Amino acid sequence: GLARKTTYYLCGVVANSIGMAFSEVVTFNTMDVPAVTTTPAENVGDHSALLTGTATPNGGLTQGWFRLGTTNPGVCNDTFGTRYPSYWSSNYELGAGADPVRFTYSLSSLSPGQTYYYCALASNAAGLSVGRVQSFRTLAGPTAATGLASNLTSGGATLNGTVTPNGAPTQAWFRYSSSRPYSCYDSFGTRVPATGGIDVGDGSMPVGFSLPVTGLTPGTTYYFCAFASNSAATAQGSVVSFLVPVAPSVTTSAVTDLTGSSATLNGTANPRGSATSGWFRYGTQSPGRCDDSFGTRV
């Protein structure tokens with residue numbers, strides 16, 4: 001029935017028929033339950049994390065441990081989830097001092113992209129103390145989707161893609177080639193950029209990114225795919241193709257329906273795979289070579 005964390009004074013007294021005797025007064029301090037704090041998890045990866053906590057023994061030999069689970073217990077207790085370490089270990093004996101003592105536990109084999117809840121616990125002869133419940137989310141590899149090429153010209157194009165970083169700083173890039181790969185992999189064709197990548201952040205929402213490529217061969221089909229990488233994994237999108245357009249060709253045909261004041265102008269054009277429009281230029285003086293500035297445009 002003594003009070004916790006209290007100084008007591010005592011002495012011994014004896015008596016017989018001759019008289020009484022008294023010992024010297026001595027003191028002792030009752031212990032208190034340890035004070036324990038759950039601190040943020042460190043070194044969180046896709047499959048691993050370091051649980052951390054501190055405990056102040058408050059005069060009694062103390063041991064610390066953790067509880068971890070995927071369901072939030074609301075309040076820390078010594079029954080939820082899994083205990084780490086699972087047994088009484090001398091490695092987690094924290095002494096009997098009056099100062100906080102840090103203790104940790106390294107986890108592995110965690111599931112990527114999973115939210116975990118944990119708390120620190122400590123116990124001595126005076127009782128059990130628990131810290132507040134904290135949480136962390138393991139990293140997950142990004143996802144990558146290859147978009148359609150845009151801004152097609154006779155020698156260039158813009159490659160487009162979308163990346164979801166899934167919580168870790170992520171970089172993105174493309175690979176392209178005129179030879180079709182059997183699947184998207186990070187060694188075929190040409191890489192853009194040649195090294196590194198576009199920073200797309202560490203969010204949980206899709207992020208679009210684009211890069212221009214030049215020096216393409218007109219009339220050639222190219223294949224490309226998007227890549228994304230963070231500390232957890234590298235992802236790739238599907239292979240998408242595009243055709244580099246070729247400039248159209250045109251032939252001027254013989255004029256028909258001639259009268260004294262009118263004529264029908266005729267021509268033939270080959271669009272060569274791109275949406276094409278056509279017109280004429282005519283005048284009373286020869287330009288030598290056709291261009292889009294002489295005479296009248298119709």
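Our note on the geometry: Cα centres of the stretch 180-234 and the stretch 102-166, 23 Å apart. With all protein chains in place and ligands, DNA and RNA left out, the 1.4 Å accessible area ranks 70, 220 as 70, 220, largest first. Remark on the stretch 195-298: ratio of C-alpha radius of gyration to 2.2 N^0.38 Å is 1.90.
The slack in the chain from residue 179 to residue 27, taken as 0.36 nm per residue of separation less the alpha-carbon distance, amounts to 45.9 nm.
Annotation: extensible slack from residue 272 through residue 71 equals 66.2 nm (criterion: 0.36 nm per residue apart, minus Cα-Cα distance). A 1.4 Å probe, protein heavy atoms only, puts the accessible area of residue 93 near 110 Å². From the largest down, the chain spans 160, 37, 29 angstrom on the principal axes of its Cα atoms. Going by accessible surface with a 1.4 Å probe and the largest first, 211, 61, 128 read 61, 128, 211.
Other residues within the sphere of radius under 10 Å centred on the Cβ of residue 65, judged by their own Cβ, net out at +1 (K and R +1, D and E -1).
Full extension of the chain segment joining residue 125 with residue 93 gains 10.2 nm, where the gain is 0.36 nm per residue of separation less the Cα-Cα distance. Using the Cβ-Cβ distance between residue 284 and residue 153 with R0 set to 35 Å, the FRET efficiency from 1/(1 + (r/R0)^6) comes to roughly 0.45.
To put it simply, the accessible area of the stretch 147-193 at a 1.4 Å probe is 48 percent carbon and sulfur.
Protection proxy ranking of 40-53, 130-143, by the mean of other Cβ atoms within 10 Å over each peptide's residues and highest first, is 130-143, 40-53. Spacing of the modelled spin labels on residue 265 and residue 39, each 7 Å from Cα toward Cβ, amounts to 8.3 nm. Rolling a 1.4 Å probe across all protein chains gives residue 173 an accessible area of roughly 20 Å².
Between the beta carbons of residue 187 and residue 249, assuming R0 = 41 Å, the FRET efficiency works out to 0.60 to the nearest 0.05. Size descriptors for the stretch 1-100 (Cα atoms only): Rg and Dmax, in that order, 21.6, 80 Å. May I ask for log10 I(q)/I(0) of the stretch 62-163 at q = 0.10 Å⁻¹, from a Debye sum over the Cα atoms as equal point scatterers with solvent left out? Log10 I(q)/I(0), no solvent term: -0.45.
What share of Cα pairs, in percent, lie more than 22 angstrom apart in the stretch 179-256? I get 41 percent for the Cα pairs in the stretch 179-256 exceeding 22 Å. In this structure the stretch 99-202 gives 47 Å² per residue of accessible area when probed at 1.4 Å with all protein chains present.
The values are calculated or read from the model by the stated rules, or taken from the named source; none is laboratory data. These figures come from a predicted structure and were not determined experimentally. Every residue, glycine as well, gets a Cβ built from its backbone with ideal geometry; the counts of neighbours run over all protein chains shown. Only protein heavy atoms, including side chains, enter the accessible area calculation; ligands, DNA and RNA are left aside. Shrake-Rupley method; radii C 1.70, N 1.55, O 1.52, S 1.80 Å.
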